[in-house]
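Okay, so here's the structure we're looking at.
A short reminder: the numbers here are calculations on the coordinates, not readings from a lab. Because the structure is a prediction, the values reported are computed rather than measured.
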Amino acid sequence: MRRNSGLKKILIIYGGMLLVLIIACVTVYIVYNNKIKESAKQSLLAAEKINEIVPNNSILEEASTELSKSINEIIGESANEIIENTTPEVETNIEPENVESENTKVENTEPVVEPEPVKELEFAYPVEGEILKEFAIENLVFSETLQEWVVHKGIDIKAPRTTVVKAAEEGTVKSVKNDPRYGLTVIIEHRDGYKTIYSNLLTTEFVTEGETVSKGQSIGTVGNSAAFEIADEPHLHFEMLKDEENVDPILYLK
């Protein structure tokens, strides 16, 4: 009897515990289910509020498109106005420069004048006569006046006193002077570095310094004024220089 009563007590205790556990599980399930339903309701309310506050997506897209279109149109119109105001006017009827029409061309009928070629210098004998004394720079010649052998930088052309002396070639009278050795002297300067010297003259009044003379023009007369050749017969002492150096006149006279 005691054993049976003890078993009953154990069953009652375990049965009570099981019942309490079941009740606890049911209570937890009910509470959890209510919370889930409450959360779902709150989510639905939040979605509805969001839809009320935020407009439809299609409306947003249309508004965005219209706004973008308006901005682009404004920008385009402004750009066109700026281009119209800043673009310079361009004349379309521009005639090319330096282009002559066939009807306005004028043929040049004037003849082309070619420059005359420069003639070579051709020196002529200033007087006609016998060569008394030749050009001698390397070989000495005997001077009757000085009674010694000396150099002779020109030629002596025999001619009577007062014989007219002529310019051997055109040029400019460089000087008219009385040389202490060769007497009255006229120096004519020619182009290309040539000079001619006419000494032992009687007169020189035909020309003046700086005067331009032509070939064959009278420049003086033959005399006997050269102190270094006073013992010789009347003659013209004639010298030629090329670039300030004495040359043999015979090589140039024609």
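If contacts are Cα pairs under 8 angstrom and at least 6 residues apart, what is the relative contact order of the range 131-251 in percent?
With pairs under 8 Å counted, the relative contact order is 30 percent.
When all C-alpha to C-alpha distances in the range 172-223 are sorted into bins of 10 Å, what percent of pairs does each bin hold, rounded to whole numbers?
Answer for the range 172-223: a P(r) of 27, 58, 15 percent.
Over the alpha-carbon set of the range 131-251, work out the extent along each principal axis and list the three values in angstrom, largest first.
For the range 131-251, the Cα extents along the three principal axes come out at 39, 29, 22 Å.
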